[in-house]
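Everything on this sheet refers to the single structure shown next.
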Ligand SMILES: [Zn+2]
């Protein structure tokens, strides 16, 4: 039984009293960490940040995340920091509401809702890259569809939808800064590998970090090659759906090769 003294009531502790009578949800249960991620996952997340900066997909902006290996309702992402500078100590754990579990004063990326809402909508997705990949931007603003020009980008065969933030939220600063805007983006992504963000950038998803990094690199390369091919003036021949299916199957078995190369190049850097 809760005893309330006259002094407590007169002292203005009504809110505390209400809290005592109606404790509400157990916040502690929702904010407990899922525990430390596997060392390999953490190492790969740091590498993914630095590889994508090295490959000019990310610059001072953009971010990479990975679903937590201990809890599918959690993901891992750096605190707000340029990707090239990310170390294991910068990685924080997030809930699917895109809020950090234990921020300890460390700021989060404004657009973290991209990640939480896609992990929520796509149980198959294990890693997400959001970038301002420069060659992709024109395909988000011209109505020219991004299509697979060669075997390395066969994953584009199902199409890369263009998401317009204006349709979801009117005039904004173009940033995915709320859960509702993140949900609209996730709906536009649907079951695709890539969604273009009109006037902003791109989101690429994968079944793991090497997969999402591979797709991000070759989305950028395909966009550059497609613009060059279209600039030559003749009709462009794209991969047929059957060619794309076969090529994705073949290339999919070799993802470890570029991943090891890209990681090795990082170690050579001073
Ligand atoms: Zn952005």
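The values are calculated or read from the model by the stated rules, or taken from the named source; none is laboratory data. Given the structure is predicted, the values throughout are model-derived calculations rather than measurements. Glycine also receives a Cβ, built like all others from the backbone with ideal geometry; neighbour counts cover every protein chain displayed.
A few points about this structure:
- With respect to the conditions (1) more than 12 Å from the ligand (Cβ to nearest atom); (2) farther than 19 Å from residue 93 by Cα; (3) without any contact (Cβ under 8 Å) to a residue 40 or more places away in the chain; (4) touching a strand residue (DSSP E or B) at 6+ places or on another chain (Cβ under 8 Å), residue 165 falls short on a single one, namely (1).
- Residue count for segment 75-106 under the criterion of being farther than 28 Å from residue 267 by Cα and either surrounded by fewer than 23 Cβ atoms within 10 Å (Cβ to Cβ) or more than 16 Å from the ligand (Cβ to nearest atom) (or both): the result is 11.
- Yes/no for residue 52 being within 16 Å of the ligand (Cβ to nearest atom), assigned to a loop (DSSP other than H, G, I, E, B), modelled with pLDDT of 95 or more and touching a strand residue (DSSP E or B) at 6+ places or on another chain (Cβ under 9 Å): no
- Pairs with Cβ under 6 Å, 6+ apart, first in segment 115-137 and closer than 10 Å to residue 202 by Cβ and in a strand (DSSP E or B), second away from the ligand (no atom under 12 Å from the Cβ) and modelled with pLDDT of 95 or more: 129/64; 129/204; 129/212; 129/216; 131/57
- The set of residues in segment 190-201 that are within 16 Å of the ligand (Cβ to nearest atom) and under 22 Å from residue 123 (Cβ atoms) comprises 194, 195.
- Residue match in segment 207-220 (condition: out of contact with any strand residue (DSSP E or B) (no Cβ under 7 Å at 6 or more places or on another chain), buried (at least 24 other Cβ atoms within 10 Å of the Cβ) and in a loop (DSSP other than H, G, I, E, B)): no
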